[in-house]
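A short worksheet on the structure shown next.
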Protein chains: 2
Amino acid sequence: MKVAIIGVGTTKFGEHWDKSLRELAIEAGTNAIIDAKVRGSEIDSIYLGNMSAGRFIGQEHVAALVSGELGLSIPAVRVEGACASGGIALRQGILSILSGQDDIVLAGGAEKMTDLMTDGATTALMGAASQEWEAYYGLTFPSLYAMIARRHMFEFGTTREQIAKVAVKNHHNGSLNPIAQFNKEITVEEVLNSTMVADPLTLLDCSPITDGAAALILCKAELAKKYTDNPVYIIGSGQASDTLALHDRRSLTTLDATVKAAQVAYKQAGINVDDIDLAEVHDCFTIAEIVATEDLGFCKKGEGGKLLDEGATELTGRIPVNTSGGLKAVGHPVGATGVKQAIEIVLQLRGEADKRQVKDAKIGLTHNVGGSGATAVVHIFSR
Amino acid sequence: MKVAIIGVGTTKFGEHWDKSLRELAIEAGTNAIIDAKVRGSEIDSIYLGNMSAGRFIGQEHVAALVSGELGLSIPAVRVEGACASGGIALRQGILSILSGQDDIVLAGGAEKMTDLMTDGATTALMGAASQEWEAYYGLTFPSLYAMIARRHMFEFGTTREQIAKVAVKNHHNGSLNPIAQFNKEITVEEVLNSTMVADPLTLLDCSPITDGAAALILCKAELAKKYTDNPVYIIGSGQASDTLALHDRRSLTTLDATVKAAQVAYKQAGINVDDIDLAEVHDCFTIAEIVATEDLGFCKKGEGGKLLDEGATELTGRIPVNTSGGLKAVGHPVGATGVKQAIEIVLQLRGEADKRQVKDAKIGLTHNVGGSGATAVVHIFSR
């Protein structure tokens, strides 16, 4: 399997009080089109990851909206798998090209979360979890991930400080990323002392509410060199599902969907975990990064905390994780995140990541999760 | 292009006060799996068309929900293009198989519209239109289609009685369909005298609010005979987009997205319109069927009314349209409709449509529209 990425584009991530979803999506899409040096008329279809525009801004049918605003009349499909919607958009774009129906695809993600129309963002986001078995009983996403954190601490002796180090690392990386919502470094003490959200997770353990959009131009591998001298190739794509409700799973501390999606992607790419030079993983909450690094095989189960203590996931470490700043510092416009992760890997593999540049990065991985793990999407990229 | 359909399943369409979205989706999915005689473990991925579960029942992430309830851990993707979500689910399933990644795919659609959580169904459905340019100014879907009707009457002399005949025909067909929400025949006079909704459209010109689900088992064409003696093949798939807002288009009486999607599908299938034996078209409002029969080429532009006067679209006519009863009589659970259309064609091509059976049906077409025409999906099926 081989599909090329020939262009990338984003908006700044943050609170965009002066921009609508359509403006954000068009800005990112246009930037990607310019970067790829393709004409709009060369694009064969659009996949747009968006979780909840219906609830956030009253607008469904957002892929056709974007297509129409770009002046195109091509197939336009919104895909949704909660916070994994962006990763799914990338994957559907890949399948569309592999099907032989499309040569060039715009795969993007967008979310406008601050203009909330119907009710609170926390309530809207609970649409990613089970309404009947979780939301109804008062659970929220911070509390779901807090249970994962508590159980991880209990089973493996993971410390509160180790968990906080995820936020510290990712804020450091975010401070080097011009699109990040937060450019400020923080300390472990600040994380521990910030407002409690759901014990043990404090405000600085949680990714923020964010507006933003991101877009990729995908291209049939054989045609890529026609457009660019430095294509990045997707060489593996895995997706898997699990129960929506956390309590229905066999374990609180492993996301089986991540494990399965990674297995599929590694196999497809013909590589093993040691070949990965860097990764963007789904750190919606700090504990989620620790679980992800274990489930992806960067360390043994239970040793994700140790990985942080060793500095292995820092920019200069053995396996840099969330060099962009992650969801934590770049922000988490839910439908856009999976696409933004891919863009960070593309920039790194092209050698365009500036102060965040990982030396000799050749193979990268993205890991995008929906809900508390009911969807996981893993992609592997190569120069 | 050739992909097989080896199994179909639906719920009854109607007001299901005692069933949730998950129960409806599982019922339809299980029926399709039983019909196809496949094991759940043979299914490689799930595509679920759903327009607005976030607003209707507070639940996003519905494809993973269904996958989890079926006990599967495969890729599960919700696709959305307003009322064309079902047709898009079918199309994405086809692309998934053509990509070589999947052999067997469950493509379904589901919508639970009566348990409305956030606000009225008419408001939620306006998520399919432009929030900023249509909903904000008080437009609703009946009023958008009323403008199309008025303009069609003005440009082509289409009469109010001709428009009403769509409802009469489709209620007749629905009276023969056990899954239909309405099994009652109606007369032109009853349509004209029913409550005015948006002049000239009365209550009986409008498709209803409906709960329901529908599912197809798709299979790589070469493997189909392993499962069934009577596969139906999809031989053409076209999708196109247009502006979300009606006023941005060059015409009120032609849906360019339908014209383009049909062209693509006809070409892919290697047929022309005269080869079509029957069609399920998107009659969300009566006028929409008239416009569709013209845009699909069943008659010249402006002559859709005459087609009804001649009885050409009746069960025994030259080109039977909406033999199922259409959205009008079967009901319109928005995400499920496109899949239900495909199921009607499968039943007809298999010779299993009972009292609705079209004699010697060999090639059928489905036409599924999102919004007032911003998305159109056309599929062509063959024995």
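Quick notes on this one:
- Length added when fully stretched, B:ASP18-B:ASP199, from 0.36 nm per residue minus Cα-Cα: 61.7 nm
- Only Cα pairs under 8 Å and 6+ residues apart enter the sum, and on that basis the relative contact order of the stretch B:1-153 stands at 25 percent.
- Residue ranges B:236-246, B:98-108 sort as B:236-246, B:98-108 when ordered by packing (mean number of other C-beta atoms within 10 Å per residue, highest first).
- Shielding of peptide B:190-199 by partners, expressed as the average count of other chain Cβ atoms within 10 Å per residue Cβ, is 0.
- Computed over chain B, the per-residue total of -39500 (n - 2.57) for DSSP H runs of n ≥ 4 gives a 222 nm mean residue ellipticity of -10500 deg cm²/dmol, rounded to 500.
- Restricting attention to the protein assembly as shown, close to 75% of DSSP beta bridges with both partner residues there are antiparallel.
- The coefficient of translational diffusion for chain A, derived via Stokes-Einstein from the alpha carbon Kirkwood radius under 20 °C and 1.002 mPa s, stands at 107 µm²/s.
- Chain A - share of DSSP beta bridges that are antiparallel (%, nearest 5): 75 percent
- Per-peptide packing, taken as the mean over residues of other Cβ atoms within 10 Å, places A:8-21, A:37-50, A:182-195 in the sequence A:37-50, A:8-21, A:182-195 from highest down.
- Gyration tensor verdict on the stretch B:157-272 (Cα atoms; rounded if a/c is under 1.5, prolate if a/b is larger than b/c, oblate otherwise): oblate
- Calculated FRET efficiency for the pair A:SER143/B:ILE34, C-beta based, R₀ 35 Å, to 0.05: 0.35
- Ranking of A:ARG55, B:ARG151 by count of other Cβ atoms within 10 Å, fewest first: B:ARG151, A:ARG55
- Partner shielding of B:48-60 amounts to 6, given as the average count of beta-carbon atoms from other chains within 10 Å of each residue beta-carbon.
- Label-point distances for B:GLY311 to the equivalent site in the other copies, using a point 7 angstrom along Cα→C-beta, read 8.8 nm when ranked shortest first.
- Counting only other chain Cβ atoms within 10 Å of each residue's Cβ, the peptide A:240-249 averages 5.
- Pairwise centroid distance, computed over Cα atoms, of the stretch A:340-370 with the stretch A:48-64, Å: 27 Å
- Sequence ranges A:157-168, A:295-306, ranked by mean other-Cβ count within 10 angstrom, highest first: A:157-168, A:295-306
- Which of B:GLY317, B:GLY212, B:THR10, positive extreme of dipole for chain B (C-beta unit charges): B:GLY317
- Seen through its C-alpha gyration tensor, with square-root eigenvalues sorted a ≥ b ≥ c, the protein assembly as shown comes out prolate because a/c lies at 1.5 or above while a/b is bigger than b/c.
- Look at the alpha carbon pairs under 8 Å that are at least 6 residues apart: their mean separation over the length of chain B gives a relative contact order of 26 percent.
- Using a Förster distance of 56 Å, the FRET efficiency for A:VAL188-B:ASN183 (Cβ separation, nearest 0.05): 0.25
- Relative contact order (percent, whole number), the stretch A:69-109, Cα cutoff 8 Å, 6+ residue spacing: 31 percent
- Rounded, prolate or oblate (a/c below 1.5 giving rounded, otherwise prolate when a/b exceeds b/c) for the stretch A:39-90 by Cα gyration tensor: oblate
- A:ARG383 paired with B:TRP133, simple spin-label distance in nm, labels 7 Å along Cα-to-beta-carbon: 4.5 nm
- Euclidean distance between Cα centres, the stretch A:173-246 to the stretch A:111-159, Å: 18 Å
Coordinate-derived values only; no laboratory data. These figures come from a predicted structure and were not determined experimentally. Every residue, glycine as well, gets a Cβ built from its backbone with ideal geometry; the counts of neighbours run over all protein chains shown.
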